[in-house]
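Student: Just dropping this structure here.
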Amino acid sequence: MFDFDWQALIASRHILAAGAWITLQVTLVAIACGVVWGTVLALCAVSAIKPLALFAKAYVALFRSIPLVMLLLWFFLIVPQLLKAVFDLSPTVDIRLVSAMVAFSMLEAAFFSEIIRAGILGLSRGQFLAARSLGMTTVQMMRYIILPQAFKAMLPILLTQCIVIFQDTSLVYVIALGDFFRNAVSLGERDGTLVQMLLFAGLVYWLICSTLSASVKLVQQRMQHD
Amino acid sequence: MSYKWNWGVLLDPVVTGENATYLEWIVHGFFITLGLTLCAWTLALVVGTVFGVMRTWPNRFGQAIGTAYVSIFRNVPLIVQFFVWYFVVPEILPAAIGDWIKGVKPNVQFFVVSVLALGMYTGSRICEQLRAGIQALPRGQRQAGLAMGFSTAQTYGHVMLPQVFRHIMPPLTSEFLIISKNSAIASTIGLLELSRQAQQLVDFTAQPYESFIVVTLAYVLLNFLILRFMAWINNRISLPGLMGH
């Protein structure tokens, strides 16, 4: 058995907080970019233009068949030069952080697009026909009629996916990016407190995720009452 | 970028002096990933079924345990669970057992820990799908079973579960695919599976594109094999007249 050393934990709070900030950054960027790009992909997937639909389908299939670990390694080990050229980054920027953000954004877009697509397809045909009969263009129809309803219907699933993203960001461990989990492990290895650091990290993730899951459940229940 | 493609590197002997080519390393990694996926999948099915039944069984205590299991294993990231199984569990078990575990060959430890971590994590997801499937059955099924004089266990075994498993084949298939992809996380504790071999090849050959492309394709192949396998099972167990067949 072992004794829990709270002093060591308190002493290392700054490093843990810095890691948590990285975790938060990656999560928020992945959600924001993922939803935007995912919406575009979903619109492509349901569009009548064949090449667009095909592209969206292929994109989703490709990203969903590659393990997240491989994807992160692809972006980190293989294409940093490309990323540097595209984003015109200064040499001081942490390439691991940018790789993680790009990898997560592109992957989560695939998952978000599947959710949003299901939301669009779940609407009754009358919504499309009514928008058309009011003389709306395709863009207007999607912007004002279809997407707002699709997002609302899929809200609980979208929120659950956000929790999944938050959990998945811990995988940036494989590209040595110092997120909350990686920093906890490094501290544990440095101070010989790995056991308690891992338990602490697990506890923090559990508290955050179970609180968020409970909130999503509340949202879901309130929507059913409406 | 001026990158020199050299696919021949895959057939070169490895630099570590082992009697193998790099391609053989990848094939070896593929079979480790395949074995890990199959073992973890089996464990996940068993654990998921046991806890899924417990969550719906008419017994408060069992339900509470099932709920706690799902809460813990679904709300902690998988990589954290891998590390806890590998680093923490041997420490908090009684010293004798912990020492025995640490004496086991590293490769065996990596594999067993990975099966446990993947299996218990995926089990919690299957548990939820099974619970949802059981609750979606018409109440009459359970009542009819009990009215026929079946015990609760018999009602589950002969009436409810055979229907539920047929209904949840689609989510079970995607869980199978997810487990094969999540198996790559085993590389973080040291298991030489497929994704780890890709990283090794980058280190040893300086031909990163070739090794990453081959390994990525290997994952796609694995996905395809699983889809075929599950379609075959689905075919075997589907009943005429049920679910649109």
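Student: What percent does the relative contact order of region A:6-225 come to when contacts are Cα pairs within less than 8 Å and at least six residues apart?
Tutor: Computed value for region A:6-225: 29 percent relative contact order.
Student: A further question follows. Applying the Karplus parametrisation 6.51 cos²θ - 1.76 cosθ + 1.60 with θ = phi - 60° to the phi angles of region B:135-149, what ³J(HN,Hα) value in whole Hz is obtained for each residue in order, glycine and proline being reported as x?
Tutor: Coupling constants for region B:135-149: 5, 7, 5, x, 4, x, 5, 5, 4, 5, x, 5, 5, 6, x Hz.
Student: Lysines near residue A:152 by alpha-carbon distance under 19 Å, same-chain residues fewer than 8 away left out - which ones?
Tutor: A:217
Student: Would you mind classifying region A:6-225 by shape? Square roots of the alpha carbon gyration tensor eigenvalues, ordered a ≥ b ≥ c; an a/c under 1.5 is rounded, otherwise it is prolate if a/b is larger than b/c and oblate if not.
Tutor: Working: a/c = 2.99, a/b = 1.66, b/c = 1.80.
Oblate, since a/c reaches 1.5 and b/c is not below a/b.
Student: Turning to a different aspect of this structure: Picking from B:68, B:111, A:113, whose Cα lies most toward the positive end of the charge dipole for the protein assembly as shown (charges on Cβ: Lys, Arg +1; Asp, Glu -1)?
Tutor: Going by the charge dipole, the pick is A:113.
Student: Sticking with this one: Among A:102, A:139, A:174, whose mean-square fluctuation peaks in a Gaussian network model of chain A (Cα, cutoff 10 Å)?
Tutor: Result for chain A, Cα springs under 10 Å: A:139 fluctuates most.
Student: What's the local net charge at residue B:68, with K and R +1, D and E -1, over the other residues with C-beta under 15 Å away?
Tutor: +3
Student: Mind checking the mean number of beta-carbon atoms from other chains within 10 Å of the Cβ atoms in A:163-170?
Tutor: Per residue, the number of nearby Cβ atoms from other chains is 3 on average.
Student: In nanometres, what is the gap between the two model label sites at residue B:99 and residue B:220, each 7 Å from Cα along Cα-to-Cβ?
Tutor: Reported label-point gap for residue B:99 and residue B:220 is 5.2 nm.
Student: For residue B:4, list the aspartates and glutamates whose Cα falls under 14 Å from its own Cα; do not include residues on the same chain fewer than 8 positions away.
Tutor: The reachable aspartates and glutamates, counting only those whose Cα sits under 14 Å from residue B:4, are B:210.
Student: Right, something else. Can you divide the C-alpha Rg of region B:1-41 by 2.2 N^0.38 Å and report the result to two decimal places?
Tutor: 1.57
Student: Then there's this: Only counting other Cβ atoms within 10 Å, I'd like B:232, B:57 sorted with the fewest neighbours first.
Tutor: Numbers: B:232 10, B:57 16.
With the sparsest Cβ surroundings first, the list reads B:232, B:57.
Student: Using only alpha carbon pairs under 8 Å that are at least six residues apart, calculate the relative contact order of chain B and give it in whole percent.
Tutor: Reported as a whole number, the value is 28 percent.
Student: Another question, if that's okay. When a footprinting reagent is the concern and you count Cβ atoms within 10 Å, what order do B:110, A:104 take, fewest first?
Tutor: Fewest-to-most Cβ neighbours within 10 Å comes out as B:110, A:104.
Student: Sorting A:144, B:3 on the 10 Å Cβ count, fewest up front, what's the list?
Tutor: B:3, A:144
Student: Further, regarding this structure: Within a 10 angstrom radius of each residue's Cβ in A:184-194, how many Cβ atoms of other chains show up on average? Whole number is fine.
Tutor: Mean partner-chain Cβ count within 10 Å for A:184-194: 1.
Student: Taking each residue of B:173-181 in turn, how many C-beta atoms of other protein chains fall within 10 Å of its C-beta, and what is the average?
Tutor: That average works out to 2.
Student: Rounded, prolate or oblate for the protein assembly as shown? Axes are the square roots of the Cα gyration tensor eigenvalues, ordered a ≥ b ≥ c, and the cut-off for rounded is a/c under 1.5.
Tutor: On the way: a/c = 1.41, a/b = 1.11, b/c = 1.28.
Rounded, since a/c falls under 1.5.
Student: Now, a different point. Within a Cβ distance under 11 Å of residue A:12, other residues only, what is the Lys/Arg minus Asp/Glu net charge?
Tutor: With Lys, Arg at +1 and Asp, Glu at -1, the net is 0.
Student: State whether region B:91-208 is rounded, prolate or oblate according to the following rule on the C-alpha gyration tensor (a ≥ b ≥ c being the square roots of its eigenvalues): a/c under 1.5 gives rounded; otherwise a/b larger than b/c gives prolate, and the remaining case gives oblate. If you can, show how the numbers build up before the last one.
Tutor: Values: a/c = 4.78, a/b = 1.94, b/c = 2.47.
It is oblate, given that a/c is not under 1.5 and a/b is not larger than b/c.
Student: Once you've got the GNM for chain A with C-alpha springs shorter than 10 Å, pick whichever of A:55, A:63, A:76 has the biggest mean-square fluctuation.
Tutor: A:55
Read the figures in this text as sums done on the coordinates, not as results from a lab. Keep in mind that this is a model prediction, so the values were computed, not measured. Every residue, glycine as well, gets a Cβ built from its backbone with ideal geometry; the counts of neighbours run over all protein chains shown.
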